[in-house]
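Reviewing the structure listed below.
The values are calculated or read from the model by the stated rules, or taken from the named source; none is laboratory data. Being a predicted model, the structure only gives us computed values, none of them experimental. Cβ placement follows ideal geometry from the backbone for every residue including glycine, while neighbour counts extend to all protein chains displayed. Ligands, DNA and RNA are excluded from the accessible area calculation, which covers all protein heavy atoms including side chains. Shrake-Rupley method; radii C 1.70, N 1.55, O 1.52, S 1.80 Å.
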Amino acid sequence: MPVVIPRRRIAAVITGLAIALVPPSLALTSAAGSPATTLPLPRVAVAPALAAAAPLTVSQAIASQTGQSATVRGYVVGQPTATSTVVRSGFPNDYALAVADSTSETSTSKMLYVQIPAAFRSAWGLQSNPSLMGRQIDVTGALSAYFSHPGMTSTSAFAFSGSATTTTTTSPTSTTTSPSPTGTTSPYDSTYYASAVGKTGSALHTELHRITSSGVTTLTYDQVWTALKDTDQDPNNTNNVIEVYSGRSIAKSDNGGGVDQWNREHVWAKSHGDFGTVNGPGTDVHHLRPEDVTVNSARGNLDFDLGGSAISQCTGCLGDADSFEPRNAVKGDVARMIFYMAVRWDGGDGFADLEPNNQVANASAPAIGKISVLRQWNLQDPPDAFEKRRNQVIFDTWQHNRNPFVDHPEWVTAIYGS
Ligand SMILES: [Ca+2]
Ligand SMILES: [Ca+2]
């Protein structure tokens, strides 16, 4: 049963019900009525000084309902369905979020109601993503009333706090956080991707396989050590690498098999397709990342899914008997590595045809799950500077092929649906 927060006044109830009963397509005309491709993105109106500022708290956002664009940081506490009603379960749809400065907030007067435009609903609506409850997120949009309540409308960006997407969203040159159907642009569209641009479905899959398999330098498993010291270098300390799941910065030289050293994690677990570490999928550095030996062991060959209990030495990671959930800041990175492996490795070359599916406990099958969760992670954690640099370094220095989904995250949807 939804927990309904008590209403103070009959008038508010009437207003709220009137709003709640309007069909969403009418209530949200400004967002839903026009295709995402033609939506003027508020980020271009954000002044550089504001874009660089720290996010507002929810209480600050409630106090400054000026219509100005801003980024607000808060915890997801439910879905507003009327002016003074926020439900915490049994979510009716994906159209709105309530955020607050505390995960336990129950007073609607201390909540900001956030409109979710159509393009963001599959990734950020509570009916599709009830696990967002309690998560800290950054939202960018106009500070103006929604459901006749302090709110945010024309929301143009959603991201988990700390996933480093807020700043790229406000950059006039960045388009990577816009999930529009026509997608992003890459400097490689007229060259590397020329034969893929405009394709969808299996035609796009086939073309990306051809592109990512052409002109590739295959590394040995020993060369992977050296490559990772370059591709995963800590941007704040050139002597270190960043471990993918734990996020820990560790000396490049502290690699090996000892406790608390880092080793070579296969994000597409090498037992899923049994490709081992001979030159091929097992040495494809696009999905190999530095990780703490203990954490690497805890992930093992688990499929990816939400939930479980905390993983030691891996803040924000969860795991259970059949799945592993990485920290928020690398959820998208993990998804795009899996989708890269799926188009790069299609069989016919002595290795299995790797493809994601929607189950866990895949064991040695050439499959990794769950595709529904990986699609969401791709949308929720867009590529950041670290992931983009990594792709460029692999292309320039090591394998001379690119991960198409880092350049074009929307190609995940174009091939694998939503
Ligand atoms: Ca990321
Ligand atoms: Ca494949």
Fill in the blank from the handout: Full extension between D353 and S59 adds, at 0.36 nm per residue less the Cα distance, a length in nm of 100.7 nm
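Average the reciprocal distances over every distinct pair of alpha-carbons in region 295-418, invert the result, and give the Kirkwood radius in Å. Walk me through the numbers before you get to the answer.
Values: mean 1/r = 0.0663 Å⁻¹.
Answer for region 295-418: a Kirkwood hydrodynamic radius of 15.1 Å.
How much net charge surrounds G307 when only other residues with a Cβ under 9 Å from its Cβ are counted (Lys, Arg +1; Asp, Glu -1)?
Summing Lys and Arg as +1 and Asp and Glu as -1 gives -3.
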Exercise for the section: Would you tally the net charge around A342, using a Cβ to Cβ cut-off of less than 9 Å, leaving A342 out, and scoring K and R as +1, D and E as -1? Expected result: -2
Fill in the blank from the handout: A 1.4 Å probe over the protein heavy atoms gives region 201-416 a carbon and sulfur accessible-area percentage of 50
Problem - Relative compactness, region 181-301, computed as alpha-carbon Rg over 2.2 N^0.38 Å - result: 1.24
Handout entry: With DNA, RNA and ligands ignored, accessible area of T315 (1.4 Å probe; Å², nearest 10)
Key = 120
Handout entry: Residue order for D349, D396, D284 - accessible surface, 1.4 angstrom probe, largest first
Key = D396, D349, D284
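Taking a probe of 1.4 Å, how large is the accessible area per residue of region 260-408, in Å²? It would help to have the intermediate numbers written out before the result.
On the way: 4520 Å² over 149 residues.
Per-residue value: 30 Å².
Classify region 201-416 as rounded, prolate or oblate from the Cα gyration tensor: take a ≥ b ≥ c as the square roots of its eigenvalues, call it rounded if a/c is under 1.5, otherwise prolate when a/b beats b/c and oblate if not.
Details: a/c = 1.39, a/b = 1.13, b/c = 1.22.
Judged from the Cα gyration tensor, region 201-416 comes out rounded (a/c under 1.5).
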Exercise for the section: Among the lysines, select those whose C-alpha is under 19 Å from the C-alpha of K229, and discard any that sit fewer than 8 residues away in the same chain. Expected result: K252, K388
Exercise for the section: Jot down the radius of gyration and Dmax of region 64-161, Cα atoms only, both in angstrom. Expected result: 11.6, 33
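What is the sum of charges, Lys and Arg at +1 and Asp and Glu at -1, for the other residues whose Cβ falls under 15 Å from the Cβ of W225? Can you show the working numbers first?
Numbers: positive: K229, K252, R264, R289; negative: D222, D230, D232, E243, D254, E265, D284, E291.
Taking every other residue near W225 into account, the sum is -4.
Starting from 0.36 nm per residue, how many nanometres of slack lie between A310 and Q136 once their C-alpha separation is accounted for? If you can, show how the numbers build up before the last one.
Working: separation 174, 0.36 × 174 = 62.64 nm, distance 1.74 nm.
Working it through step by step, the gained length comes to 60.9 nm.
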